[in-house]
Amino acid sequence: MRTRFDSELETLYVSMIKMGSLTEDTLTVLQEALSGKGRERLKGLADISHEIDEKDREIEALCLRLLLRRQPVAKDLRTISSAMKMIYDIERIGDNAVDIAEILPFISSDEVTVRVGLDKMIETVIEMVTGAIDAFVHSDASKAAAVIAEDDKADTAFDKAKEMVTEMIREGDKDAEEAPDLLMIAKYLERMGDHAASLARWVLNSLDASGDWINNPVKVE
């Protein structure tokens, strides 16, 4: 019985890795676009997002089967319940990526996204998402804690982006008319960082029965 359960848990881990990999693919496409390396691949993000949604439903169904049929306890229960929470955050990151892809065509200059620092923000988000998925798969609390710490870096980058855009408006910069779109992209990236931090907290939840992980919760809309 335990051998079968362990096999099903392994299937869960593999599915989580695949869902995380799909999300990382969307972020890589965005990183290229925000770094001024071309936007031709943005049209494919909707298809990847659809795959992420399908993987979301697949994992949720698997988790429910494990809960109902196996009635796990202790760490196994925390792992499965945390996975169900994590897929929501992963799915939202994918949705935010598509949101950004829909805005980018209205940004006339590749240079301005770099000037505002959006390329650095997406780099931080990618590191956080990759780290959180890695932490879950390898049951690595220290890596999860490092991801949570990185959220401050994402928040600081968002504040700097707002300052840059405000300065553009104040000085009547030629790109100032694109300020609302630039700010919206920055906000979506900041939310992605929050979701990545939330992922890491659910990793800690799966590893720590004491509940200490919740002392500084990340609330994501």
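The values are calculated or read from the model by the stated rules, or taken from the named source; none is laboratory data. All values derive from a computational prediction rather than experimental measurement. Positions of Cβ are backbone-derived with ideal geometry, glycine not excepted, and every protein chain shown enters the neighbour counts. Ligands, DNA and RNA are stripped out before the accessible areas are found, and what is left, the full protein with its side chains, is counted by its heavy atoms. Shrake-Rupley method; radii C 1.70, N 1.55, O 1.52, S 1.80 Å.
Brief remarks on what is shown
- Once Rg/Rh (Cα atoms, Kirkwood Rh) is calculated for the structure shown, the corresponding label among [x] 0.95; [y] 1.03; [z] 1.17 turns out to be [y].
- Gap separating the Cα centres of segment 66-110 and segment 156-205, nearest whole Å: 20 Å
- Sulfur and carbon atoms: percent of accessible area, the chain [1.4 Å]: 51 percent
- When 4, 92, 41 are compared by accessible area at a 1.4 angstrom probe, the order from most to least is 4, 41, 92.
- Spatially close lysines, pair count over segment 67-218: Cα under 18 Å, gap of eight or more or interchain: 11
- Only Lys, Arg (+1) and Asp, Glu (-1) charged, at Cβ; the chain dipole about Cα centre in debye: 1000 debye
- Of the residues 15, 7, the one with the largest accessible area comes first in the ranking 7, 15, computed with a 1.4 Å probe on protein heavy atoms.
- Heavy-atom SASA rank of 32, 190, 60 (probe 1.4 Å, accessible area, largest first): 60, 32, 190
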